[in-house]
1. Of the DSSP beta bridges with both residues in the protein assembly as shown, give the percent that are antiparallel, rounding to the nearest 5.
2. Out of every Cα-Cα pair in segment A:106-174, what percent are more than 21 Å apart?
3. What is the helix-to-structure angle for A:159-172, meaning the angle in degrees between its Cα long axis and the longest Cα principal axis of chain A, kept from 0 to 90 and rounded to the nearest 10?
4. Testing the spin-label approximation: label points 7 Å from Cα along Cα→Cβ at residue B:132 and residue B:31. State their distance in nm.
5. Rg(Cα) of segment B:164-268 divided by 2.2 N^0.38 Å?
6. Using just the Cα positions, wrap segment A:72-120 in a convex hull and report its mean projected area in square nanometres, one decimal place.
7. I'd like the Karplus ³J(HN,Hα) series for segment B:150-159: coefficients 6.51, -1.76, 1.60, θ = phi - 60°, whole numbers in Hz, and an x wherever there's a Gly or Pro.
8. Among B:161-168, B:15-22, A:254-261, A:76-83, what's the highest-first ranking by average C-beta atoms within 10 angstrom per residue?
Amino acid sequence: MPGTAALGGWQADATQRERIAVLEITDLSHSYGRGGGTHLAVDGISLKAEKGEIVSIVGASGCGKSTVLRCIAGLQRPTRGTIRVNGAVVDAAVPDGLAVVFQDYSRSLYPWLSVRDNVALPLVRTQASRAQRGRTAEDALQTVGLGDTGHRYPWQLSGGMQQRVAIARAIACEPVLLLMDEPFGSVDAQTREDLEDLVLSLRRDREMTILLVTHDIDESVYTGDRVIVMTGTPGRVSADLAVQLPQPRDQIATKELPAFVNLRAEVGRLVRGQRAAATT
Amino acid sequence: MSRAAAATTRWLWRWVVLAAGALAWQGWAEWRHSAFFPPPSAIVAEMYHLWFSGSARHLALTSSAIGNILPSLARVGIALGISIVVGLTAGIAIGRSPVISGYLEPLLHFGRSLPPVALVTVFIVLFKLGDQMEIAFITFGILWPILVNTIDGARTVDPVQVETARVFRLTARQRLIKLIVPAALPKFFAGLRISVSLALVLMVVAELTGSTDGIGYLMNNASSSYQLTALWAGIVLLGILGYVLNAAVLGVEHFVLAWHRGARRLAS
């Protein structure tokens, strides 16, 4: 049969993908509240992220994208469905090998600790020596371009620098999966672009798997290898689009490519709940 | 005018106002020759004579100062120490555990609404007259502001900070030492400031009721034997002690909560 070889090839490819899926969500639903007053926030979400992939989840506010992220992080328990991080099922506890960058950096960094101590704080579990933790923290700060700020306090830094500290804290743990919840929602446009490029460089240099939740359509397309569009109440996945843009990406050159402009428009329509363009 | 110069001017004015007040009092007292309001010069002389004219070996303290001021300070110090330890540990436990607070909170609000002064007799019955009763009495009165404020501080730790601790899987010890205690400290210090001023009041009340030494005892003696200058010396001494204690707490707070001031100044 002519189709057999192709089918066999596809299956082999699929098992291989299965093996390296860092994140696998199957039929996730979450409702808030109990009894009569429940509110279904997300319904039947399934998605996967493979090693080294940046998956962006985009949607209007209230579509449940942050709920999905909070379920993955173990901060909320899904009402239905399973989440696997690196093969292990996430239940009540926060899974191993996971780090989160919150939107609200000023509240997520501890103001009574220096920048270095903030970054070093989660390392206690993995590194016994205090000096070693300090070195790891300094390395991570170096990576995000904050080489000489370790002795300062978070509130002495600008918003963009504080978010860099939060990113340094996350990567110092060497997570298999990095979750970012609207990470650049509270910084100015220029800083935002710099931080997007920082995320891309993290993936390039460290092969980190990143799930980025955002409401910014440009950001989702620019940083993502795949864009997952969520819409509605309860939130559902309405599209899972591969981003075929050349790497490395560039804030000016990539964004003027026809492929970027088209995809951006398509995601925009999907986010607004319109039908995708007829070309697809 | 530079900021430093402005601060110096403010500081100078503070002392000018104080000196002017003392001078006005002095003039008025010398003019009226009132037995009840001796001039400040007489009060200061009395304080020197009573307490600070001792031998150099005792840092110029007289035996009356050693026998009365030091015991009073010791009582306040011990009561403050107990209140800080109990207030911080119990406050954090109650603030962080809904179970514990569910059991203890009604009792707590009952306890803190009792005026300590009304309970002197109960404490005398419980502890007999003496140091134990006085320390227990002061502690009972000053524990509440520290405890209630610490509970509030521990309970209202920012949820994002708590989720950060969960996500980064901080150990229980780290959560306590690196998150909950520092987050509760600003409220704790607010309570401590109230307790410190309250401590001196309760110290005097405790010593007025059947103590055999202490500043309150001296004042009680002085007033019952119509030594009004000595009574005034006690009043001024209490004022100075209150000022110094408050300044000491503010100094510690200034140092410990440097991050809090910095973060708040930038946020505003």
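Each reported figure results from applying straightforward, stated rules to the coordinates on display, with no laboratory input. Since the structure is predicted, the reported quantities are computational estimates derived from the model, not experimental observations. For neighbour counting, all protein chains shown are included, and Cβ atoms are generated from backbone atoms with ideal geometry for every residue, glycine included.
1. Numbers: 21 of 40 bridges.
Bridges in the protein assembly as shown that DSSP calls antiparallel: roughly 50 percent.
2. Working: 276 of 2346 pairs.
Roughly 12 percent, rounded to a whole number.
3. So the helix axis and the longest Cα principal axis differ by about 80 degrees.
4. Spacing of the two 7 Å Cα→Cβ label points: 5.5 nm.
5. Numbers: Rg = 21.0 Å, N = 105, 2.2 N^0.38 = 12.9 Å.
Normalised by 2.2 N^0.38 Å, the Cα Rg of segment B:164-268 equals 1.63.
6. Numbers: hull surface 17.8 nm².
Here the figure is 4.5 nm², rounded to one decimal.
7. Each residue of segment B:150-159 in turn: 5, 4, 4, x, 6, 6, 9, 4, 3, x Hz.
8. Numbers: B:161-168: 20.2, B:15-22: 10.6, A:254-261: 13.2, A:76-83: 16.2.
Packing order, densest peptide first, comes out as B:161-168, A:76-83, A:254-261, B:15-22.
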